[in-house]
Amino acid sequence: MPVESGNSAAARQVKQKRKSHSLSIRRTNSTEQDRLGMQRDMLEGQDSKLPMALRSNLLDLFGQIEREFENLYVENLELRREIESLNERLAGEGQTGDGGDLSKGALKTKASHSTSQLSQKLKTTYKASTSKIVSSFKATTSRAVCQLVKEYVGHRDGIWDLAVTRAQPLVLGTASADHCSMLWSIETGKCLLKYAGHAGSVNSIKFHPTEQMALTASGDQTAHIWRYMVQLPLPQPPADISASLDDDVDFSDKDEAEGEADGPNECPTIRVATTTLKSHQGVVIAADWLVGGKQVVTASWDRAANLYDVETSELVHTLTGHDQELTHCCTHPTQRLVVTSSRDTTFRLWDFRDPSIHSVNVFQGHTDTVTSAVFTVGDNVVSGSDDRTVKVWDLKNMRSPIATIRTDSAVNRISVSANQRIIALPHDNRQVRLFDMNGVRLARLPRSNRQGHRRMVCCSAWNEENQACNLFTCGFDRQAIGWNINIPALLQEK
């Protein structure tokens with residue numbers, strides 16, 4: 001029998017390897033083709049509204065994605081092997097360097113020391129930042145103490161707006177979609193007077209700075225000025241107050257609210273206005289008194305704001321320029337300045353300090369409807385929007401806001417406390433939040449099954465003269481609520 005030489009045996013082994021490699025490739029390709037064919041058969045058997053060609057194309061794309069992940073996985077394994085081999089080599093060099101090369105050992109020791117220092121610094125920084133965040137959350141939840149004091153129930157529809165009188169006697173006024181406006185005793189929660197002179201929804205209410213006169217704006221395209229005379233009842237004992245709270249807070253639907261409204265209907269009713277302002281061609285959504293109380297400004301859905309003389313009821317100026325319906329207007333407490341907000345995402349500042357020139361500035365700081373813009377006692381304007389932000393502006397530099405508050409819900413008519421400089425934010429999601437002028441959150445008013453609003457909160461108003469009940473809110477649950485907000489003196493100084 002012939003014996004093969006060494007070269008021929010090596011050549012035969014190489015041929016066998018090549019043959020086995022080509023067979024393995026053919027097996028792999030055939031296996032993948034079989035798998036794709038089986039998947040296509042499964043797709044044909046499944047119920048789907050996609051065309052077969054589209055489903056086959058998707059299958060090919062997913063196959064390509066799978067192959068890419070496979071390649072990445074293989075590369076990852078190879079990199080891990082290289083890292084392990086490098087680690088082994090470094091370990092071996094370190095052992096030999098201890099007795100041989102001192103410089104390598106010193107270099108490695110220095111590197112390991114710097115690495116440990118870096119890791120320790122990262123850990124310390126992370127712990128410090130985390131503890132700072134946690135402590136800020138803890139401080140936020142305890143910055144203010146909020147307590148429900150009184151509920152004012154009697155309207156038959158949602159309450160759009162509320163205000164507190166600026167002169168004695170101190171009463172609460174509400175404007176409702178039930179075509180009525182009511183005056184309430186703050187201490188007892190009883191209705192003292194009802195104004196029923198409007199033929200549409202009453203959208204806002206504001207009181208004269210010094211006299212017993214109220215200004216209401218309505219969906220009947222008019223604004224009314226009416227005088228009132230009220231006599232405050234004696235406050236009830238604390239036991240009666242708590243009992244009334246327990247009784248009033250349980251209603252949840254309209255029928256029960258109408259049952260509670262029988263009492264306030266017995267209060268005196270005014271049906272004729274002292275002055276009627278008629279110049280708008282659309283819903284009058286808001287109105288306010290200028291400083292001094294001799295002129296009023298109204299904002300309407302006809303995209304204009306009107307300035308009237310109170311004594312003559314004549315139209316003095318028509319303020320035009322907004323591209324869409326107006327949503328609110330507000331006057332400065334000490335200067336002849338007016339700010340109007342609109343659905344066109346802007347608010348405008350009108351200056352009437354110079355009788356010969358009436359300048360206007362347009363501010364585009366929001367991306368959605370500006371629901372309200374109000375002045376503060378200082379030189380600030382605070383604007384709220386449906387874009388879920390509230391921005392604080394400086395009248396001396398209105399190019400950019402000095403603070404921005406971001407929320408999780410649209411913001412309705414806001415109010416700012418003159419004494420404490422706190423912003424009250426009523427939301428569509430039934431929440432009311434309090435922030436300072438720097439945008440730091442102070443508190444959220446309680447809301448549960450026993451207290452708080454059950455529907456959209458439309459407006460808020462501060463009462464600077466009564467510390468027992470210094471914030472009021474109203475909403476579409478047909479009730480107004482009086483709150484006691486206690487802010488620590490340290491925060492007030494800040």
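Has the stretch 379-388 got any residue that is open to solvent by less than 10 Å² (accessible area, probe 1.4 Å), within 21 Å of A299 (Cα to Cα), touching a Gly at 6+ places or on another chain (Cβ under 7 Å) and hydroxyl-bearing (S, T, Y)?
yes
Kindly indicate whether T269 is more than 30 Å from the chain's Cα centre (by Cα), closer than 20 Å to D161 by Cα and open to solvent by 10 Å² or more (accessible area, probe 1.4 Å).
So T269 fits the description; yes.
If V310 satisfies all but one of (1) within 29 Å of T389 (Cβ to Cβ); (2) β-branched (V, I, T); (3) open to solvent by 10 Å² or more (accessible area, probe 1.4 Å), what's the number of the condition it fails?
Checking V310 against (1) within 29 Å of T389 (Cβ to Cβ); (2) β-branched (V, I, T); (3) open to solvent by 10 Å² or more (accessible area, probe 1.4 Å), the one that fails is (1).
Of the residues that make up the stretch 458-470, is at least one in contact (Cβ under 8 Å) with a residue 12 or more places away in the chain, closer than 26 Å to C191 by Cβ, in contact with a helix residue (DSSP H, G or I) (Cβ under 9 Å, 6 or more places away or on another chain) and not in a strand (DSSP E or B)?
Pass one, the stretch 458-470, residues in contact (Cβ under 8 Å) with a residue 12 or more places away in the chain: 458-470.
When the remaining residues are screened for being closer than 26 Å to C191 by Cβ, the result is 458-470.
With in contact with a helix residue (DSSP H, G or I) (Cβ under 9 Å, 6 or more places away or on another chain) added as a condition, the list becomes none.
Within the stretch 458-470, none of the residues are in contact (Cβ under 8 Å) with a residue 12 or more places away in the chain, closer than 26 Å to C191 by Cβ, in contact with a helix residue (DSSP H, G or I) (Cβ under 9 Å, 6 or more places away or on another chain) and not in a strand (DSSP E or B).
Which members of the stretch 303-342 meet the condition of being over 28 Å from R399 (Cα atoms) and either assigned to a strand (DSSP E or B) or of a type in the set (D, E) (or both)? So that I can check it myself, show each step before the final result.
Start the filter on the stretch 303-342 by keeping residues that are over 28 Å from R399 (Cα atoms), which leaves 308-316.
Of everything in the stretch 303-342, those that are over 28 Å from R399 (Cα atoms) and either assigned to a strand (DSSP E or B) or of a type in the set (D, E) (or both) turn out to be Y308, D309, E311, E314, L315, V316.
Test T345 against the criterion of being over 26 Å from the mean Cα position of the chain (by Cα), hydroxyl-bearing (S, T, Y) and closer than 21 Å to L395 by Cβ, and give yes or no.
So T345 fails the test.
Counting only residues that are outside any strand (DSSP E or B) and touching a His at 6+ places or on another chain (Cβ under 9 Å), which one in the stretch 189-217 is farthest from D178 (Cα to Cα)?
G197
Can you find a residue in the stretch 433-442 that is touching a Lys or Arg at 6+ places or on another chain (Cβ under 7 Å), among the small types (G, A, S) and at pLDDT below 95?
Going through the stretch 433-442, the residues touching a Lys or Arg at 6+ places or on another chain (Cβ under 7 Å) turn out to be 433, 435-437, 441-442.
Of the ones still in play, those that are also among the small types (G, A, S) are none.
No, the conditions are met nowhere in the stretch 433-442.
Those residues that are out of contact with any Ser or Thr (no Cβ under 6 Å at 6 or more places or on another chain) and open to solvent by less than 20 Å² (accessible area, probe 1.4 Å), I need them from the stretch 213-230; list them, please.
Result: M213, A214, L215, S218, Y228.
Which is small (G, A, S) and surrounded by fewer than 17 Cβ atoms within 10 Å (Cβ to Cβ), of A373, A410, A418? Give the steps one after another, and end with the answer.
On the way: A373 fails: surrounded by fewer than 17 Cβ atoms within 10 Å (Cβ to Cβ); A410 fails: surrounded by fewer than 17 Cβ atoms within 10 Å (Cβ to Cβ).
A418 is the lone residue from the list that is small (G, A, S) and surrounded by fewer than 17 Cβ atoms within 10 Å (Cβ to Cβ).
The values are calculated or read from the model by the stated rules, or taken from the named source; none is laboratory data. Everything quoted here is computed from the prediction, not taken from an experiment. All Cβ positions, even for glycine, are placed from backbone atoms using ideal geometry, and neighbour counts span all protein chains on display. The protein model used for the area step is the full one, side chains on, heavy atoms only, and it has no ligands, DNA or RNA in it. Shrake-Rupley method; radii C 1.70, N 1.55, O 1.52, S 1.80 Å.
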